Amino acid sequence: MTLNYKSTNENPCNMCMPMGGILPYKGIEGAMVMLHGSQGCSTYMRRHMAEHYNEPIDVGSSSLNEKGTVYGGEKNLKQGLINIIMVYEPKIVGVLTTCLAETIGEDVERIVADFLKENPDVSSTIIPGSTPGYGGSHFEGYFTTLRQILKTITKATQPHEKLNIIIPNISPADIRELKRLLDTMDIKYTIFPDFSETLDRPYEKTYKKVPEGGTTIKEIEQMAGAKATIQFATTVEDALSPGKYLYDTYGVPLYNLPIPLGIENTDLLFETIQQITNLTMPDSIKKERGRLIDAMIDSHKYNAQGRAVVYGEPEQAFSVATLCLENGITPNVIATGSKTTKLSKLLQPGLKRKLVNQDAVNIIQETDFSVIRAAAVEAKANIAIGHSDGRYLTEKEGIPLVRHGFPIHDRVGGQRLLSIGYLGTTVFLDRITNTLLENKYLHYRTNMYQEYYKKAKTI
Amino acid sequence: MKVVVKLDSTKSKKKSFIAERSESISMKGHQKSQVKCDTDSVAGSMSQRACVFCGARVVLNPITDAIHLVHGPIGCASYTWDIRGSLSSGSELYRNSFSTDMKEKDVIFGGEKKLEQAIDELVDEYHPKLMFVYSTCIVGVIGDDLDAVCKKKSLQYGIEIIPVQSSGFIGNKAAGYRAACDAILKIIKPEETTSQAIIERKSNCKRVINYLGDFNLAAEAWIIQGYLKEIGIDINVTFTGDANYEALKKATDAELNIIQCAGSMTYLAKKMEELYGIPYMHISFLGIEDTKESLRRIAHFFQNIELEEKTEKLIAREESQIAKTLHWYKQQLQGKKAAIYVGGGFKAISLIKQFNEIGIEVVMVGTQTGRKEEYDTIADLATAGTVILDDANPSELEQFMTEKAADLLVGGVKERPLAYKLGVAFIDHNHDRKHPLSGFIGAVNFATEVHSTVCSPVWKYV
Ligand code: SF4
């Protein structure tokens with residue numbers, strides 16, 4: 001199924017490329033980022049991210065005005081770099097293009113090269129990247145930028161024992177959970193990017209303009225010599241895949257896995273770790289797995305009544321859909337605003353194995369909320385799982401929403417949502433089950449009354 | 001062109017400032033010169049401003065039964081979907097975000113065809129009477145002829161399809177306000193009519209006014225409508241909170257335009273005076289003093305004793321109802337210091353007065369798009385030592401809030417986390433607030449919100 005309309009998007013389910021490109025820079029130590037374009041793009045994105053993470057989000061802009069648009073934005077871009085470097089003293093500055101810069105044909109790579117020649121004092125590494133807003137969704141912007149950063153920073157290094165862990169847009173709480181699991185097993189790793197500290201900072205008395213934390217440049221340099229890469233990006237095309245880049249360029253073995261959300265996906269992570277390192281799952285984590293199974297048993301019958309609408313970035317939509325499948329929830333609608341050929345293919349085996357009626361599942365790519373809403377109504381969905389823009393499904397159709405993914409802008413704590421690993425899955429699953437229960441209890445009396453009493457009366 | 005950076009890390013305090021910004025910052029009593037305003041943002045200065053498109057969108061979006069179609073790439077539509085907490089008494093169409101979702105090939109080959117198709121599809125689906133088509137950055141660059149497409153489709157369907165010239169780079173948010181007002185002017189243009197007809201219409205309507213610059217956030221326009229009705233004045237159209245096509249068409253029937261949000265609406269009021277002879281007056285319903293004064297001035301305009309008496313009665317009643325509550329808050333808040341960083345100058349002016357009403361001193365005032373006259377007023381109202389700044393950035397806000405030991409910041413979504421990270425209380429004065437800040441009830445809500453944050457027990461732990 002595709003869009004109702006040919007030329008109109010009605011209530012977008014995705015954002016634009018530069019938005020995705022900002023995030024990686026928030027996960028690198030001492031990095032700043034600047035958009036080359038008009039002031040609005042960066043302000044919108046800052047606002048969206050500030051609402052989700054509840055953290056100050058500084059993103060520079062070259063503030064292109066009419067003159068810059070007509071005669072080229074070189075001057076603005078260089079001036080912007082100077083100001084950012086002066087005020088923030090960053091180690092890295094990411095420069096991302098926007099629709100405007102791309103349309104007027106700005107060659108940011110050349111401009112940055114010139115800038116560095118003209119300013120020999122500058123010690124910051126400047127990474128230009130192309131992220132036209134019309135070139136794809138924020139999902140593609142994110143991975144393109146990761147790849148661009150690797151291309152610029154990594155260099156052939158001595159082989160070492162560390163693992164590269166390349167993550168998609170998961171919450172800072174999830175990143176910390178991932179680290180805890182790896183630390184429990186004494187595994188040495190580089191998380192790339194790591195915004196677990198920068199976008200979910202503890203309160204501290206002295207405010208820092210560039211928050212501490214993030215993957216260090218040295219770590220990124222050495223990703224080329226890692227023992228292996230584990231990347232959570234099964235739905236990402238090879239051309240955008242950072243893990244594939246490391247494999248192609250430096251021969252680092254790549255294990256491309258789904259986000260470890262749900263029991264099977266998390267099992268897969270531990271099996272992979274065992275394959276790479278020979279380490280088996282420690283008892284403490286086995287217990288967490290056992291508790292998840294216990295939770296699943298507790299809730300399986302309630303979940304069997306779930307007819308879910310799952311939407312968001314392809315990678316998130318995939319892992320949530322598989323979580324639904326292993327708990328008896330039918331993911332009737334699985335949707336993403338991004339363009340992806342992989343999501344549907346990846347889902348097929350699971351759907352075949354676990355559902356009587358696979359035709360009841362509607363997988364939709366490159367879509368908007370007008371389509372998702374219609375599909376949800378058709379499927380008689382009783383739960384939605386995805387980011388805040390789906391609140392529209394609750395408001396218009398009464399489908400309760402379990403908030404997950406990005407952006408969460410109408411609730412507090414998007415940065416604290418935990419959903420990966422056995423523990424995270426347990427917490428997430430409880431949120432889903434309880435939302436189903438709450439919805440059921442809320443409507444039970446009226447539904448029964450309407451269905452049976454009223455019917456009986458009118459016969 | 002050669003630009004050289006001198007990185008001098010020894011002068012750490014000075015680094016918060018970008019040299020070009022120095023004229024945009026002043027301190028009352030310490031400087032002869034005015035703050036520089038209404039300029040382009042400095043590149044890399046981390047301005048908190050939005051763009052032309054955003055300015056146009058926030059002004060027009062509350063028109064409830066219109067299709068708001070963004071001609072451009074998806075992000076622009078995505079970030080501005082349902083951007084304001086504007087309420088509607090009727091249609092909900094305005095709460096959708098429609099976009100032509102331009103892709104690379106549309107940029108290369110032009111987007112006019114796609115735009116035409118999008119209009120066709122939307123007319124087919126929703127049968128609207130009114131549609132706004134907003135241009136975004138790239139539309140301005142690739143040169144799609146928005147006017148021509150809108151005109152063609154307008155004729156074809158016999159409905160109003162209004163182009164909004166809001167390419168992001170053609171100025172700042174204020175240019176977007178103007179683009180929105182220009183779009184509104186196209187709608188309210190009365191059909192070909194004799195001057196006699198206008199006179200007749202005017203003599204028929206009694207004490208009917210337009211309310212400009214209220215977007216009906218959290219029912220604010222309805223609250224003011226209630227006050228005015230009570231004293232015998234009807235609101236004809238609100239621009240643009242809870243407005244619809246039918247209402248807009250009657251806009252020229254009013255005898256007076258009152259303006260709340262000066263930044264966005266003064267231009268429209270001036271135009272309406274020029275074209276239709278409707279006089280205008282700036283008012284403010286933020287804070288008790290402003291509310292009282294505004295009601296009196298509006299009543300006075302009609303030169304009618306009965307009306308003025310009713311106004312005094314209303315004021316006396318409303319004021320006595322809230323006096324005790326406000327007094328209590330004032331005692332609690334006495335001596336606290338506030339910093340203001342909001343969009344428009346008029347809002348900042350109201351806020352300074354409102355803080356004074358509840359015993360709070362303002363130590364920093366800034367706006368994104370304030371105008372020269374407004375900065376003059378701000379400078380008059382401010383106490384000595386108050387920092388006044390235009391188009392500030394987080395770094396400057398941090399510096400001055402800390403230096404001036406502000407207990408509280410008023411601002412928008414982006415400023416909130418900054419205030420909290422600095423351990424400072426925060427008041428949302430943004431588009432999506434869910435409680436009204438206008439009128440007498442708004443004054444209480446404001447004090448309650450200030451108290452809830454300034455006096456929260458949470459600050460004991462920082
Ligand atoms: S779609 Fe393009 S113009 Fe719009 S916000 Fe994104 S980058 Fe900016």
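The values are calculated or read from the model by the stated rules, or taken from the named source; none is laboratory data. Source: prediction; values computed, not measured. All Cβ positions, glycine included, derive from the backbone under ideal geometry; neighbour counts span all protein chains shown. Each accessible area value is taken on the protein alone, full model and side chains, heavy atoms only, with ligands, DNA and RNA left out. Shrake-Rupley method; radii C 1.70, N 1.55, O 1.52, S 1.80 Å.
Computed quantities for the displayed model
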| item | result |
| --- | --- |
| Leading residue by the ranking (nearest to the ligand (Cβ to nearest atom)) among those in region A:32-47 that are open to solvent by 10 Å² or more (accessible area, probe 1.4 Å) and of a type outside the set (Phe, Trp, Tyr) | A:CYS41 |
| Scan of region B:272-281 for residues that are more than 21 Å from B:GLY232 (Cβ to Cβ) and either aromatic (Phe, Trp, Tyr) or open to solvent by less than 60 Å² (accessible area, probe 1.4 Å) (or both), ordered by number | B:MET272, B:TYR276, B:GLY277 |
| Counted residues, region A:38-88 - those being more than 7 Å from chain B (Cβ to nearest Cβ) and in a loop (DSSP other than H, G, I, E, B) | 4 |
| Check on A:ALA113, buried (at least 24 other Cβ atoms within 10 Å of the Cβ) and more than 8 Å from chain B (Cβ to nearest Cβ) | no |
| From the options A:ILE153, A:ILE127, residue that is within 23 Å of A:THR249 (Cβ to Cβ), open to solvent by less than 20 Å² (accessible area, probe 1.4 Å), more than 16 Å from the ligand (Cβ to nearest atom) and in the same structural domain as A:SER42 (by the TED database) | A:ILE127 |
| Residue in region B:72-79 that is in contact with a Phe, Trp or Tyr (Cβ under 9 Å, 6 or more places away or on another chain), more than 10 Å from chain A (Cβ to nearest Cβ) and within 26 Å of A:HIS387 (Cβ to Cβ) present | no |
| Some residue of region A:396-418 being outside any helix (DSSP H, G or I), over 30 Å from A:GLU55 (Cβ atoms) and open to solvent by 10 Å² or more (accessible area, probe 1.4 Å) | yes |
| Output for region B:155-165, where each listed residue is within 29 Å of the chain's Cα centre (by Cα) and either within 13 Å of chain A (Cβ to nearest Cβ) or part of a helix (DSSP H, G or I) (or both) | B:GLN165 |
| Condition broken by B:GLY111, with the remaining ones in (1) within 16 Å of the ligand (Cβ to nearest atom); (2) in contact with a strand residue (DSSP E or B) (Cβ under 7 Å, 6 or more places away or on another chain); (3) under 20 Å from A:SER370 (Cβ atoms) satisfied | (3) |
| B:LYS414 open to solvent by 10 Å² or more (accessible area, probe 1.4 Å), under 23 Å from the mean Cα position of the chain (by Cα) and in the same structural domain as B:TRP328 (by the TED database) | yes |
| Unique match (being in a helix (DSSP H, G or I) and away from chain B (no Cβ under 14 Å)) among A:ASP248, A:ASP194 | A:ASP248 |
| Residue satisfying condition, being away from the ligand (no atom under 16 Å from the Cβ), facing chain A (nearest Cβ under 8 Å) and more than 20 Å from the chain's Cα centre (by Cα), within set B:GLU121, B:GLU104 | B:GLU121 |
| B:ALA323, sole failed condition from (1) in contact (Cβ under 8 Å) with a residue 24 or more places away in the chain; (2) open to solvent by less than 60 Å² (accessible area, probe 1.4 Å) | (1) |
| Helices (runs of 4 or more DSSP H) (entirely within region B:38-135) containing at least 2 residues that are free of Cβ contacts under 8 Å to residues at least 40 places away in the same chain and crowded, with 24+ Cβ neighbours inside 10 Å | B:74-79 |
| Which numbered condition A:PHE143 misses (of (1) away from the ligand (no atom under 16 Å from the Cβ); (2) open to solvent by 10 Å² or more (accessible area, probe 1.4 Å); (3) more than 11 Å from every other protein chain (Cβ to nearest Cβ)) | (2) |
| Complete set of residues in region B:214-260 that are open to solvent by less than 10 Å² (accessible area, probe 1.4 Å) and either part of a strand (DSSP E or B) or in the same structural domain as B:LEU437 (by the TED database) (or both) | B:ASP214, B:VAL237, B:PHE239, B:THR240, B:LEU256, B:ASN257, B:ILE258, B:ILE259 |
| From B:THR453, B:THR448, B:THR386, B:THR402, residue being surrounded by 21 or more Cβ atoms within 10 Å (Cβ to Cβ) and among the polar types (S, T, N, Q) | B:THR386 |
| Condition broken by B:GLU306, with the remaining ones in (1) in contact (Cβ under 8 Å) with a residue 60 or more places away in the chain; (2) not in a helix (DSSP H, G or I) satisfied | (2) |
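Yes or no, residue by residue, for (1) at pLDDT below 95; (2) assigned by the TED database to the domain that holds A:ARG46; (3) among the aliphatic types (A, V, I, L, M):
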{"site": "A:ASP121", "(1), (2), (3)": "yes, yes, no"}
{"site": "A:GLN158", "(1), (2), (3)": "no, no, no"}
{"site": "A:ASP174", "(1), (2), (3)": "no, no, no"}
{"site": "A:LEU178", "(1), (2), (3)": "no, no, yes"}
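Listed here are the residues, each with its yes/no results for (1) open to solvent by 10 Å² or more (accessible area, probe 1.4 Å); (2) closer than 20 Å to A:THR145 by Cα; (3) away from the ligand (no atom under 16 Å from the Cβ).
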site	(1), (2), (3)
A:ASN9	no, no, no
A:MET15	no, yes, no
A:PRO18	no, yes, no
A:ILE28	no, yes, yes
A:ALA50	no, no, no
A:ASN65	yes, no, no
A:THR69	yes, no, no
A:MET86	yes, no, yes
A:CYS99	yes, yes, no
